[in-house]
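So the structure is just underneath, and the comments pick up after that.
Nothing in this text is a laboratory measurement; each read-out follows from the coordinates by a stated rule. All values derive from a computational prediction rather than experimental measurement. Every residue, glycine among them, receives a Cβ derived from its backbone with ideal geometry; neighbour counts consider all protein chains shown.
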Amino acid sequence: MSAPERAGGLPARVLAAYALPALPAAMLGLPLLVYLPVFYASATALGLSAIGGVLLVARMWDVAVDPAVGWASDRTRTRWGRRRPWMLAALPVVLAASYMLFNPPREAGVTYLLGWTMLAYLGWSMLQIPHQAWGAELSGDYAERSRIAAWRESLTVAGVALAAAAPAFAQWLGRVPAGAPPEGAALPLLFWIDLVALPLAGAALLRLVPEPPPAPTAPGFGLAAGWALLKENRPFRRLVASFLLNGVANALPATLFLLYAGDVLDARGLEGGLLLVYLIAGIASVPLWLRAARLWGKHRTWCAAMLANCAAFAPVPLLGQGDVPSFLLICLATGLCYGADLALPASMQADVIDVDTAAGGGQRSGLYFALWAVAGKFALALAPAIAFPLLDAAGFSRGAAGTGGHGMLAALYALVPVVFKLGAVGLMWNFPLDAAGQARLRERIEARRERE
């Protein structure tokens with residue numbers, strides 16, 4: 001056990017330095033996912049179909065790149081560590097690709113958009129996967145890992161909130177040309193902020209945060225043995241399945257939020273405020289969930305949060321036009337539950353990696369977090385694939401209140417996510433890896449380290 005763990009945890013300055021890059025990274029990540037299609041449809045001659053096709057190909061590339069980066073990061077050996085070189089190399093890639101994407105020439109075509117988007121996703125993977133793996137390796141303590149994940153994920157949400165507010169801020173500054181979408185003016189603004197913030201955050205991370213040496217690998221450990229060990233890691237399979245189900249449950253309301261707020265509640269213009277309440281409540285509740293996890297364990301605490309979220313979401317189909325105050329309370333309640341999603345699943349992911357490490361896998365945190373990222377991206381892709389065909393089949397039409405399509409919208413927004421969350425709870429309720437089990441794994445890992 002390391003000195004910081006014996007002394008009661010990592011110092012706040014180390015946690016802050018570790019988590020800080022997540023904020024500017026998220027400020028660039030949201031525009032790549034949300035703002036780019038609208039911006040290119042207005043700033044270039046590309047049509048929406050071409051843009052959608054390009055971004056689909058780029059997303060497939062993104063999913064393929066994550067495991068490759070994780071695997072390569074795990075195998076990197078330098079005097080500066082395994083994770084530092086990848087994150088340092090990622091900074092110019094992310095910034096250069098973002099600049100080119102956010103400042104396209106009018107004649108930019110499919111090749112331009114595809115090439116720079118693929119490069120941006122590569123840089124994003126080089127930044128994100130080693131960063132998450134590094135966090136899992138900072139501490140072997142069951143509770144301390146939740147603090148580490150909570151700092152990183154809370155700053156990620158803060159970055160998302162700032163990026164979401166950027167179009168309104170650009171309008172307030174008067175930087176939006178008449179008739180142009182505000183998202184287009186927000187992109188350069190976010191880039192210039194990140195041009196300063198991301199290198200400074202990266203410098204703090206590289207200078208102040210220690211990178212522990214990897215655990216030893218079992219003799220004769222190769223690709224075949226590694227794949228067999230991964231398949232045998234039952235806690236990981238169970239956790240990643242729960243994470244996928246909960247991810248779909250969270251992605252469905254996120255995908256349909258603007259439609260639901262505008263067409264069911266008649267709350268157009270209030271969406272940003274409602275979303276901000278949800279995000280702030282999530283960040284503010286994280287310390288409460290960390291304390292609860294120390295008392296009840298991570299998996300039971302996460303289950304309690306998901307069940308509370310289901311209860312808070314249950315009245316949503318009963319709401320209608322003008323019920324904004326009631327929905328505001330629901331946003332507050334579900335936001336408080338969201339704090340557990342921020343802190344606990346990623347912390348448990350660090351724990352299930354110990355199963356692999358104790359069996360001689362050599363602490364393959366990069367590969368495991370890459371597969372974790374793939375599951376998250378699959379959840380984001382599943383949500384619109386589920387929602388939009390069903391809305392279309394139900395005859396949903398914007399502005400046509402009282403139709404069956406609006407009933408389908410309410411069901412997809414609130415009831416279907418409850419089903420997915422209950423499935424995640426069912427998988428996690430008797431999760432086999434608790435604090436005592438994880439402590440035994442750490443003893444085996446430390447014993448192997450001492451023998452080596």
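Structure data summary
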item	result
On Cα atoms only, tilt of 416-428 relative to the major axis of the chain in degrees	10
Segment Leu258-Ala64, length gained on full extension (0.36 nm per residue, minus Cα span)	66.8 nm
Cα gyration tensor shape of region 1-213, rounded if a/c is under 1.5, else prolate or oblate by comparing a/b with b/c	prolate
Intensity falloff of region 225-452 expressed as log10 I(q)/I(0), Debye formula with alpha-carbon point scatterers, at q = 0.07, 0.14 Å⁻¹	-0.27, -0.89
Label-point gap, in nm, between Ala203 and Ala311 - each point 7 angstrom along Cα→Cβ	4.9
Rg/Rg_globular for the chain, with Rg_globular taken as 2.2 N^0.38 Å and Rg from C-alpha atoms	0.98
Two-decimal Rg/Rh across region 95-249, once Rg and the Kirkwood Rh are taken from alpha-carbon atoms	1.05
Cβ-based exposure ranking for His299, His406, in which fewest neighbours within 10 Å come first	His406, His299
